[in-house]
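The values are calculated or read from the model by the stated rules, or taken from the named source; none is laboratory data. Because the structure is a prediction, the values reported are computed rather than measured. Quick reminder, even Gly has a Cβ in these numbers, built from the backbone with ideal geometry, and neighbours come from all protein chains shown.
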């Protein structure tokens with residue numbers, strides 16, 4: 001048989017399909033934007049991310065309010081993502097489709113659940129940090145990736161710069177330096193014990209932005 005060079009397939013051979021396990025700066029696509037409504041009464045958005053190099057980070061879950069409706073710190077991250085993507089508003093309850101691990105099927109299957117289609121497939125830049133934590137009731141230690149910062153992948157502007165209509169990125173390099181100075185956030189109660197890999201469930205990032213910007217100051 002004959003063969004014709006397919007540049008796209010040739011490049012894909014260099015792609016490593018694996019989970020992001022180390023802190024760093026990544027550019028890629030949001031592959032999951034699921035509405036989170038756990039029994040606890042908290043609210044949030046569950047994100048998954050695939051970087052340009054092919055590695056991925058699943059379950060970057062951002063809980064934005066508690067059962068009492070009070071805002072949580074991760075609401076800042078959601079606001080920063082919206083600013084970087086220039087999304088003024090989005091409403092949950094809409095259907096989104098993505099692949100999710102199914103233990104019964106022992107593999108990834110496509111699911112359709114309530115979510116935020118405005119985020120699906122959008123390119124975004126993320127600073128991801130490894131976090132070590134101890135389960136509040138089980139006492140077991142685990143590691144997960146959390147969102148440390150958000151930026152536009154093409155301009156490298158962070159949320160505050162986008163909103164202030166600044167054209168030259170300045171803050172991202174400082175955020176990268178801050179991440180490099182603390183690549184691991186160790187929140188374990190007993191440090192030095194073995195750590196198991198786990199999905200992210202909670203984030204406390206420094207995203208370079210802030211919630212509640214005045215609508216009159218939004219440039220898009």
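Figures for the structure shown
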quantity: Filter result (crowded, with 24+ Cβ neighbours inside 10 Å and part of a loop (DSSP other than H, G, I, E, B)) within the stretch 134-168; calculated: 157, 158
quantity: Selection within the stretch 57-90 - touching a helix residue (DSSP H, G or I) at 6+ places or on another chain (Cβ under 8 Å) and within 15 Å of residue 42 (Cα to Cα); calculated: 62, 63, 64, 65
quantity: Qualifying residue in the stretch 121-133 (condition: part of a loop (DSSP other than H, G, I, E, B) and modelled with pLDDT of 95 or more); calculated: yes
quantity: Output for the stretch 91-133, where each listed residue is surrounded by 17 or more Cβ atoms within 10 Å (Cβ to Cβ) and more than 21 Å from residue 44 (Cα to Cα); calculated: 132
